[in-house]
Amino acid sequence: MTSVSFTSPNGSFDVQTGLFIDGEWTAAASGASFPVLNPATAKEITQVADAGVEDARRALDAAVAAQKEWGATTTRERSDILRAAYELILERADDIAHVIATEMGKPLREAKTEATDAADMLRWFSEQVQHQTGNFAPAPKGGYRIITTYQPVGPSYLVTPWNFPVSMGARKAGAALAAGCTVVLKPSDLTPLTMSLFVQILHEAGVPAGVVNLVPTVDAPAQSADLMKDERLRKVSFTGSTPVGTQLLKQAADNVMASSMELGGNGPFLVLSKANVRWAAKGAAGLKFRNAGQVCISANRIIVHKDVADEFKQIFLEEVARLRVGAGTDPDTTVGPLVSDQQRDRVQGLLADAQENGATVLAGGDCPEGDGYFLNPTVVENAPLDSDIATTEIFGPVASLYIADSDEEAIRIANDTRFGLVAYVYSQDIMQAMRAAEALEVGMVGLNRPAVADPAAPFGGVKASGLGKEGGHNGIEEYQIEKLITMAV
Ligand code: NAD
């Protein structure tokens, strides 16, 4: 099969450009392929095999065939393989970072953090699976015992987005493999190479043939429509936009398939009247422009109490002025390109609409000269609360600031959305901070810190932002059945 070469500080290395089915790299049955572009140059990096429906079915056949044996391995065996993968990913973190930076545009430093986070995820599940217990209890009315035990749910379809091309794969595959499930992985067609390298590493770490299968495609709707009809598939785990998530949930309903959904957000970032304003402004700028704003837990609406708004704005704008736009592969870059021209057009559309509706641009708003899908870091204020920029996920390097007259108003604005993934609260007053954290209708809150994700923490949203948790103490259970055995005594 064909491959493409990259160079990192470790030297040059190859990434497979085929499908991975039943332990073999292979071309698509149709021979079709699709181009993968570098968003910093708009030039093609390579072609990747385009899995048709027939290939995806073969991948599912392989996953089904491998399920019994993989599900019967001991937790120690699965743990050892995941631990080996953790170590290999750490060794190859620079390689992975180079692939991410090239095909996705993420700045190298952030891309390396993503790679080490992916490794950490595998380490967490490798440890976690050895600590799972069932239950043995006397029935309250006597006469029998209640025993519960965990079993793998079965072959799982893992669909991941482009914005965290390796860590989203690790979060899903780590839990699924630890639980004893075999998987069919479908990466985003914008970032298939990172997932390909991840799968190569899993294979090298000792994951047996058929247990992990990789089927990138440009026609995801056709692939999922076909696979999701198959009763042998027992689980779908999806990270991506809410419309695609709801579509998959409808398909899952027909076979009563277990489903985990990590969907879109509209994260409010609240700077309350008692905030440490410098801390909040630096935190908000770091969070907002991370990955050029293409983060589901980004700060979509920065809501600042009027008493601290001037100070916040001044520090925030100073932080934005320090950002350096460039290719992800340039070590000095802090803000890379958007992933595609469609994404850049969409974000520019939101910006133009906000301006037409009265928002003021305080910084940026334009694109740098040259090729690539760049947009300069942008700050706007006073967009109407019902404008598109306030109600939808921006997913780009545009910060939108709103002023609230009171802390209560800030919370009311924050909750006025159908999404509920994450919120951030800055306040030095412990009661004010906790009251806000408890009142926010979200799955996760960052209190005086601009981050929430950790392998040991349950990641997930409420409302239209999703179902289920990834990571934490229950992450593995998303891929398991809790089976009851009652025993007469
Ligand atoms: P997307 O929904 O367009 O695509 C996500 C994945 O789904 C891709 O692999 C895509 O090819 C695939 N896909 C598209 N249509 C499909 C279909 N009909 N059937 C099966 N698969 C299909 O999202 P995106 O643009 O890649 O990612 C950005 C979105 O993901 C944002 O909304 C963001 O908030 C969300 N996201 C959420 C989280 C989270 O944990 N909640 C994390 C990262 C990204």
The local net charge around I303, scoring Lys/Arg +1 and Asp/Glu -1 for residues other than I303 whose Cβ lies under 14 Å from its Cβ, equals -2
Report the gain in length on full extension from R109 to Q342: 0.36 nm times residue separation, minus Cα-Cα distance, nm rounded to one decimal. 81.4 nm
In Å³ per residue, the alpha-carbon convex hull of the range 249-408 encloses 155
Cα shape, the range 339-427, gyration tensor, a/c 1.5 rule: prolate
Using 7 Å Cα-to-Cβ label points, what is the T73/T116 separation (nm, one decimal)? 2.7
Treating cross-link reach as a plain straight distance, find the aspartates and glutamates whose alpha-carbon is under 18 Å from the alpha-carbon of K229, omitting any fewer than eight places away in the same chain. E54, D55, D61, D219, D254
From the protein chains alone at 1.4 Å, what is the descending order of accessible area for T74, T334, T160, T7, largest first? T7, T74, T334, T160
For K282, counting only aspartates and glutamates whose alpha-carbon sits under 14 Å away and dropping same-chain residues fewer than eight positions off, the answer is E311, E318, E319
In degrees from 0 to 90, rounded to the nearest 10, what is the angle of the helix 108-128 Cα long axis to the longest principal axis of the chain? 40
If you take every DSSP beta bridge fully contained in the chain, what fraction is antiparallel? Give it as a percent rounded to 5. 50
Under 11 Å from the 7 Å Cα→Cβ point of L484, by amide nitrogen: which residues of the range 134-163? 146-148
For S260, which sequence-distant residues (separation of 5 or more, or a different chain) have an amide H within less than 5 Å of its own amide H, given hydrogens modelled in the peptide plane? V236, S237, F238
How do the peptides 430-438, 198-206, 92-100 rank, highest first, by the average count of neighbouring beta carbon atoms within 10 Å per residue? 92-100, 198-206, 430-438
Short version: ³J(HN,Hα) in whole Hz for each residue of the range 340-355, in order, from phi by Karplus 6.51 cos²θ - 1.76 cosθ + 1.60 (θ = phi - 60°), x for Gly and Pro, what are they? 7, 5, 4, 5, 5, 4, 4, 5, 5, x, 4, 5, 5, 5, 4, 5
Crossing angle, helix 75-91 versus the chain [Cα axis fit, 0-90 degrees, rounded to tens]: 40
Order E24, E441, E369, E356 by their accessible area, 1.4 angstrom probe, all chains in place, largest first. E369, E356, E24, E441
How much length would be gained if the chain were fully extended between R145 and E441, taking 0.36 nm per residue of separation minus their Cα-Cα distance, in nm to one decimal? 102.6 nm
Bin by bin, in steps of 20 Å, what percent of the Cα pairs in the chain do you find, going until the bin that has the longest distance? 24, 54, 21, 1
Cα shape, the range 110-170, gyration tensor, a/c 1.5 rule: prolate
Magnitude of the charge dipole, the range 79-201, Cβ model with Lys/Arg +1 and Asp/Glu -1, debye to 20: 600
Set Lys and Arg Cβ to +1 and Asp and Glu Cβ to -1, take the dipole of the range 311-459 about its Cα centre, and tell me which of F312, T392, V422 lies farthest positive. V422
Per-residue HN-Hα couplings for the range 38-54, Karplus 6.51 cos²θ - 1.76 cosθ + 1.60 at θ = phi - 60°, whole Hz, x for Gly and Pro? 8, x, 7, 10, 6, 9, 6, 8, 5, 9, 10, 4, 9, 5, x, 4, 5
Give the Kirkwood hydrodynamic radius (Å, one decimal) of the range 76-152, defined as one over the mean of 1/r across all pairs of different Cα atoms. 15.1
Efficiency of FRET between D310 and D353 - r from beta-carbon atoms, R0 22 angstrom, step 0.05: 0.25
What is the spin-label model distance, in nm, from R449 to S241 if the labels are put 7 Å beyond Cα along the C-beta direction? 3.3
Which listed residue (S298, A252, A220) has the Cα farthest towards the positive end of the charge dipole for the range 192-325, taking +1 on Lys and Arg C-beta and -1 on Asp and Glu C-beta about the Cα centre? S298
Report the gain in length on full extension from F34 to D332: 0.36 nm times residue separation, minus Cα-Cα distance, nm rounded to one decimal. 104.2 nm
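The values are calculated or read from the model by the stated rules, or taken from the named source; none is laboratory data. Given the structure is predicted, the values throughout are model-derived calculations rather than measurements. With ideal geometry, Cβ positions are generated from the backbone for all residues, glycine too; neighbour counts draw on all protein chains shown. All accessible areas refer to the heavy atoms of the entire protein, side chains included, with ligands and DNA or RNA removed. Shrake-Rupley method; radii C 1.70, N 1.55, O 1.52, S 1.80 Å.
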